[in-house]
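In what follows, a structure is listed as C-alpha cells, so that the remarks can point back to it.
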Amino acid sequence: MKKGFIALATLLFIFSANVVLAQRGPAASPTTTVSQMIGNTEMTLVYSRPSLDGRSLETLAPKGQVWRTGANANTKISFSKEVTIGGQKLPAGEYSMYSIPGDNEWTIIINKAKVWGTNYDESQDVIRFKAKATKTSNSVETFYIMMQDFDKNNKNKATIELAWGNTSVKFPIEVTN
C-alpha cells in the first residue's frame, strides 16, 4: 500500500509540474546570446527580444528617453580585447548597452554598471555616441541585434545593427589590436 501511495504521489507531482510548465508557454521576450569574432577579438551580446505585438516602437522605446535596448534585463555587451565602437576607444570587458531613440539618430550608451533592466545610472557611462537611424520598408516584429557588413579586405571591422519596427540603427566596431 505504501509503495502504491508513493508511486501515485510521484505521478501527481510530475503531472502538476508539467501542467505548470505548459501553462507558462514560451517567453514573451526570449533571451538571446550572440558571440562573434571581429578580427582576433570576441564580442558577446546577451539581450532579450521584445515583440511589437500590436504596439508601436515609440510606446516601447520612447524617443528622448533611455531605453535598456531590449526587454527584461539590460543588454550586456563584452569584448575580449580593446575595440573602437562608434568612433571611441573601449577597453576590453563586459558592459551594459543602453540607447536613447530619436527620429534620425539614436544615442548609444556603453555603461559599466551591470544592473537589472531600467535601473540606469548615468554616472556609470563609459562612452556615448550618436548612430544614424533609418526608416525601413519592412517592419521587424521582434527586436534583434546583429553583426553585419564585415569588410572582406579587413576582418577587424564590423557593423552592429539594432532593428525593430521600421527602424534600423547601425554603428561601427573596429578591433584596435
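Of the strands (runs of 3 or more DSSP E) lying entirely inside the range 70-177, those carrying at least 3 residues that are polar (S, T, N, Q) and out of contact with any Leu (no Cβ under 9 Å at 6 or more places or on another chain) are 125-148.
Taken over the range 81-105, the criterion of being open to solvent by 60 Å² or more (accessible area, probe 1.4 Å) and under 12 Å from Leu45 (Cα atoms) is satisfied by Glu94 alone. Are any of the residues in the range 58-66 of a type in the set (Ser, Thr, Tyr) and crowded, with 17+ Cβ neighbours inside 10 Å? There is no residue in the range 58-66 that is of a type in the set (Ser, Thr, Tyr) and crowded, with 17+ Cβ neighbours inside 10 Å.
Annotation for the range 106-116: no member residue is touching a residue at least 60 places away in the same chain (Cβ under 8 Å), within 23 Å of Met37 (Cα to Cα) and open to solvent by 70 Å² or more (accessible area, probe 1.4 Å).
Among the residues making up the range 43-57, those that are farther than 18 Å from Glu141 by Cα and surrounded by 17 or more Cβ atoms within 10 Å (Cβ to Cβ) are Met43, Leu45, Val46. Note on the range 119-137: among residues that are within 18 Å of Thr159 (Cβ to Cβ) and not charged (D, E, K, R), the one that is surrounded by the most Cβ atoms within 10 Å (Cβ to Cβ) is Ala131.
The values are calculated or read from the model by the stated rules, or taken from the named source; none is laboratory data. If you're wondering where the values come from, they're calculated on a predicted model, not measured in any experiment. Every residue, glycine as well, gets a Cβ built from its backbone with ideal geometry; the counts of neighbours run over all protein chains shown. To get the accessible areas, we keep the full protein, side chains included, count just its heavy atoms, and leave off ligands, DNA and RNA. Shrake-Rupley method; radii C 1.70, N 1.55, O 1.52, S 1.80 Å.
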